[in-house]
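Beneath this line is the structure, given in structure tokens, with notes to follow.
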Amino acid sequence: MDYTNYTEKFHELYENAKELVDKNILEIGVKLDAVSENDEKEFYLYLLDFFLQKRQNEVISRELF
């Protein structure tokens, strides 16, 4: 089995999710309201939470908060 393509796709997913959260954080509620599937909405919320926690840890470690 070729895992290279699989790994690349996961990396793309990560980068796309990070970009979406970074660029649209203030409008995320409106955008989530447009998602009709509950499972998909929940998935996006988990992604959002992951990146927000990551950002929070960076701010705390830099003693900005």
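What follows draws every value from the coordinates through simple rules; no lab data is involved. Just so we're clear, the structure is a prediction, and the values are computed from it rather than from any experiment. Cβ sites come from the backbone with ideal geometry, for glycine too, and all protein chains shown count toward neighbours.
Identify the trypsin sites (Lys or Arg not before Pro) of region 15-65 meeting these criteria: DSSP loop state and at most 12 other C-beta atoms within 10 Å of the C-beta.
Passing sites in region 15-65 are R62.
Please report, in debye to the nearest 20, how large the charge dipole of the chain is about its Cα centre when each Lys and Arg carries +1 at its beta carbon and each Asp and Glu carries -1 there.
Dipole magnitude for the chain comes out near 280 debye.
For L13 and Q56 in the same chain, what is the full-extension length gain: residue separation times 0.36 nm, less their Cα-Cα distance, in nm?
13.3 nm
Report the GluC sites (Glu not before Pro) located in the chain that are in a DSSP loop and have at most 13 other Cβ atoms inside 10 Å of their Cβ, or state none.
Those that pass, being in a loop and sparsely packed, are E37, E63.
Each residue of region 46-59 in order: what ³J(HN,Hα) in whole Hz does its phi give by Karplus 6.51 cos²θ - 1.76 cosθ + 1.60, θ = phi - 60°, with x for Gly and Pro?
With coefficients 6.51, -1.76 and 1.60, one gets 5, 4, 4, 4, 4, 6, 5, 5, 4, 5, 4, 4, 5, 5 Hz.
To the nearest 500 deg cm²/dmol, what mean residue ellipticity at 222 nm is calculated for the chain from DSSP H runs of n ≥ 4 alone, each contributing -39,500 (n - 2.57), summed and divided by the residues?
Dividing the helical sum by the residues of the chain leaves -26500 deg cm²/dmol.
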